[in-house]
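Engineer: Below you'll find the structure I mean.
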Amino acid sequence: MKRLSISVLFILFAYLAVPASAQDSLRVLSVSPRGELHSIRDALSIVVTFSHPMVALQPTPVKISQGPIELDPPVSGTFRWLGTRTLAFTSLDTLPYATQFRGRIPAGTTSLDGKVLSADFVWTFTTPRPVLLVSHPRQNEKWVDPRSPLYLKFNQPMSPQRIGDRIKLVDQAMAQSVPLTFSHPDSEEVKTFWDMKGDLSHILKVTPVHDLQTGTSYQLILEKGLLSAAGSAGLAETKIISFKTFGPLRYLGVSSPNKKKKLIEPDRGIVLHFSNRVALSQLVQHIRFDPPVQIPDYYANRTWGQERIHLPLPFRPDTLYRFYISADLEDVFGNKLGAAVSDSFRTVSYTPRVIMTSGQGVVEADGDRRYPVVFINKDKVRLKMAVIAPDELIPWLLPKKDLFYGDEQLPEKLFAINRVWKIPRKKNVRQLFPINLDEVLVPRKTGAVLVEIDEMNRTRRRRTFHRALLQVTHLGISAKFSPHNNVIWVTTLKDAQPVIGAKVEI
């Protein structure tokens, strides 16, 4: 009871602290929108909430022509009471962009119960200013065509006649401004830019009066205050787009595709570097190698440009290659190399590796019961094999994380065979040697064999394992399942003859 009495006294004190005049006056509790708007949709309706009921409760809000909201500049529209205290004003048309509006609820506005607004309630809001959404060229873009116009896409219509001197193009080398003209592009001009679709009145085409200099850095400056087609609220802050025009086409060198390695591995190809973008289809027409290298025909269809072109060609190991590039090689802008190029590189040996088909497999028991493995520049690996009993097979057939393709080590005690397998290595030659499954199967000729090859890469952070679970069997199974019944065929792998009376467990 004591705590309750304190609360009551506090509320009473707070109530008594409010001046009588404030208790009797009408107040505006909230208005929206106000301040800087980021979307024109935020200004579709202007909503004001009062502290006292302004109208009687209506079964359905109806539009009316008058209400206690005044806007400067004036806007035509309709009013509607949402309940008894909240008034919404909806303009007949979308408000203009980049315009500051002053809203006012005049003093003397009276509520339904006679409460009066003692002073004007004033607030402002500004519809969205112009904002640059996309530019071509983009920030820090290289290889800009000096003959091409520049394109700027904004969030609202722009007027070429209102640009004035608020957009400048500055030659960084000469510290001089380039004379410009402004217009709107047609749809054909911007169709190659996926991000320039939509209302063309939002796009400014900026055309230098003369072609820009090649190989030159420029800054396109959109100054604070840049006006759009409507309103006087301009760009909020200065925007600078730096770019560089393309220069002469030059060959810059050859390297390995692996940035961490300077050595060129024969099965990874080479990378050719140019100062401008060159299409692979153009390069393969104008390059030749000594000794000769076969270039795939499908490269002729790769027409997009790159300044760093990867050529994964079938080079020989430990070989010195010379290559020649014709002076007629063109970049994507039509610039020719101008002078023939001659350069060279040397490949190293193949990286030591083991190639084995991993995963589940079937080996015909009536065959030689061997499983093929390819070795390149390997002289030894560790071979492990285990026979998996039939009652233990199902867990191995279920998905196991990284069983066949990971580097998780399996328990050593699992394997009956665990030995170093020495390979009679021939340098840079792909050598195929089979695993003899009889080594673990004997005296049986069938069974499930888990095979693991450990590459024994001591220099790597992780060891590389290759694993296969092989069912050595005389039988092949084909099955057809349906909601109504199932059909199972069991045949021999040797001659595909049906096996009468085979027992099948599902």
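Engineer: Along Cα→Cβ, 7 Å out, is where each label goes; now give me the distance between the ones at R419 and S91 in nm to one decimal.
Structural biologist: In this crude label model, R419 to S91 measures out at 8.9 nm.
Engineer: Same structure again: From the phi of every residue in region 178-184, what ³J(HN,Hα) in whole Hz does the Karplus formula 6.51 cos²θ - 1.76 cosθ + 1.60 yield, where θ is phi - 60° and glycine or proline is x?
Structural biologist: Once rounded to whole Hz, the list reads 9, x, 10, 10, 10, 7, 9.
Engineer: From the phi of every residue in region 200-210, what ³J(HN,Hα) in whole Hz does the Karplus formula 6.51 cos²θ - 1.76 cosθ + 1.60 yield, where θ is phi - 60° and glycine or proline is x?
Structural biologist: Each residue's phi maps through the Karplus curve to give 5, 5, 7, 10, 9, 9, 9, 10, x, 5, 10 Hz.
Engineer: For region 255-321, which chymotrypsin sites (Phe, Trp or Tyr not before Pro) are both in a DSSP coil and crowded by at most 11 other Cβ atoms within 10 Å? Working shown, then result.
Structural biologist: Numbers: sites: F274, F289, Y298, Y299, W304, F315, Y321; in loops: W304, F315.
Counting only loop positions with at most 11 other Cβ atoms within 10 Å, the chymotrypsin sites (Phe, Trp or Tyr not before Pro) in region 255-321 are W304.
Engineer: So if I take the centroid of the Cα atoms in region 326-377 and the same for region 27-45, what is the distance between those two points in Å?
Structural biologist: Each part's Cα centre sits 64 Å from the other's.
Engineer: Return the long-range amide H neighbours of H474 (sequence gap of 5 or more, or a different chain), with a cut-off of under 5 Å between placed amide H atoms.
Structural biologist: Residues meeting the criterion, in which the H sits 1.01 Å from N, are A365.
Engineer: If you don't mind, another one. List every residue whose amide H lies under 5 Å from the amide H of H184, counting only residues 5 or more places away in sequence or on a different chain, with H placed 1.01 Å from N in the peptide plane.
Structural biologist: Amide H neighbours of H184, under 5 Å, 5+ apart: K205.
Engineer: Rounded to the nearest 20 debye, what is the charge dipole size of the chain about its Cα centre when +1 sits on each Lys and Arg Cβ and -1 on each Asp and Glu Cβ? Present the calculation step by step, with values, prior to reporting the outcome.
Structural biologist: Values: 66 positive and 47 negative charges, 379 e Å.
Rounded to the nearest 20 debye, it is 1820 debye.
Engineer: What is the calculated FRET efficiency for S187 to L493, with r their C-beta to C-beta distance and R₀ = 56 Å, to the nearest 0.05? Each step should come with its number before you reach the end.
Structural biologist: Details: r = 65 Å, r/R0 = 1.16.
Computed FRET efficiency for S187 and L493: 0.30.
Engineer: Of L383, L26, V472, which is farthest on the positive side of the dipole of the chain, counting Cα position, with +1 on Lys and Arg Cβ, -1 on Asp and Glu Cβ, and the Cα centre as origin?
Structural biologist: Result: L383.
Engineer: Given Cα positions, please report Rg to Rh for region 211-312, the hydrodynamic radius being the Kirkwood one. Kindly include the intermediate steps, with their values, before the conclusion.
Structural biologist: On the way: Rg = 21.4 Å, Rh = 17.4 Å.
Across region 211-312, the Cα-based Rg/Rh ratio is 1.23.
Engineer: Roughly how tilted is helix 2-17, in degrees to the nearest 10 and between 0 and 90, from the longest Cα axis of the chain?
Structural biologist: Computed tilt is about 50 degrees.
Engineer: With the full set of protein chains in place, find how many percent of the accessible area of region 262-309 is carbon and sulfur; take the probe as 1.4 Å.
Structural biologist: Values: 1180 of 2590 Å².
Whole-percent figure for carbon plus sulfur exposure: 45.
Engineer: Specify the inter-centroid distance of region 194-265 and region 427-506, based on alpha-carbon positions, in whole Å.
Structural biologist: Here the two parts' Cα centres lie 59 Å apart.
Engineer: Let me ask something additional. Using 7 Å Cα-to-Cβ label points, what is the A339/E412 separation (nm, one decimal)?
Structural biologist: Calculated label separation equals 6.5 nm.
Engineer: Oh, and also: Evaluate the charge dipole of region 426-506 about its Cα centre and quote only its size in Debye, nearest 20, assuming +1 on the Cβ of each Lys and Arg and -1 on the Cβ of each Asp and Glu. Please report the intermediate quantities before stating the final value.
Structural biologist: Details: 14 positive and 7 negative charges, 127 e Å.
Computed about the Cα centre, the dipole is about 620 debye.
Engineer: Looking at the chain, which longest stretch skips every one of the trypsin sites (Lys or Arg not before Pro) that is in a DSSP loop with at most 10 other Cβ atoms within 10 Å, leaving the sites themselves out?
Structural biologist: Working: sites that count: K259, K260, K262, K401, K427, R458, R460, R461, R462, K503.
The segment 1-258 is the longest one with no such site.
Engineer: Quick one: length gained pulling R102 to V293 fully straight, 0.36 nm per residue minus the C-alpha distance? Intermediate results must be reported in sequence, preceding the final value.
Structural biologist: On the way: separation 191, 0.36 × 191 = 68.76 nm, distance 7.53 nm.
61.2 nm is the gain from fully extending R102 to V293.
Engineer: Taking θ = phi - 60°, what integer Hz values does the Karplus form 6.51 cos²θ - 1.76 cosθ + 1.60 yield along region 71-86, in sequence order, with x for Gly and Pro?
Structural biologist: With the stated coefficients, region 71-86 comes to 10, 10, x, x, 9, 7, x, 10, 10, 7, 7, 9, x, 9, 10, 10 Hz.
Engineer: Just subtract the alpha-carbon distance of E505 and D199 from 0.36 nm times their residue separation and send over the number in nm, one decimal.
Structural biologist: Details: separation 306, 0.36 × 306 = 110.16 nm, distance 6.72 nm.
Extending this stretch completely gives an extra 103.4 nm.
Engineer: Give the range of the longest stretch in the chain that excludes all GluC sites (Glu not before Pro) found in loop regions by DSSP and having at most 13 other beta-carbon atoms within 10 Å. Kindly include the intermediate steps, with their values, before the conclusion.
Structural biologist: Details: sites that count: E188, E237, E408, E505.
The reported range is 1-187.
Engineer: In addition: About the Cα centre, and with charges only on the beta carbon of Lys, Arg (+1) and Asp, Glu (-1), how big is the dipole of region 154-202? Nearest 20 debye, please.
Structural biologist: Working: 5 positive and 7 negative charges, 37 e Å.
So the magnitude is around 180 debye.
Engineer: Note down the accessible area of V47, probe 1.4 Å, to the nearest 10 Å².
Structural biologist: 40
Engineer: Just need the Rg to Rh number for region 33-113, please, alpha carbons only, Kirkwood Rh. Walk me through the numbers before you get to the answer.
Structural biologist: Details: Rg = 13.1 Å, Rh = 13.6 Å.
Taking Rg over the Kirkwood Rh, I get 0.97.
Engineer: Along its three principal axes, how long is the chain when you only count alpha carbons? Whole Å, largest extent first please.
Structural biologist: 108, 85, 52
Engineer: Next question, about the same structure. I'd like the antiparallel share, as a percent to the nearest 5, of DSSP beta bridges with both residues in the chain. Provide the component values of the computation, followed by the final result.
Structural biologist: Details: 113 of 126 bridges.
Close to 90 percent.
The values are calculated or read from the model by the stated rules, or taken from the named source; none is laboratory data. On a predicted model such as this, the values are computed, not experimentally measured, just so you know. Cβ sites come from the backbone with ideal geometry, for glycine too, and all protein chains shown count toward neighbours. Accessible surface is based on the protein model in full, side chains and every heavy atom, while ligands, DNA and RNA are left aside. Shrake-Rupley method; radii C 1.70, N 1.55, O 1.52, S 1.80 Å.
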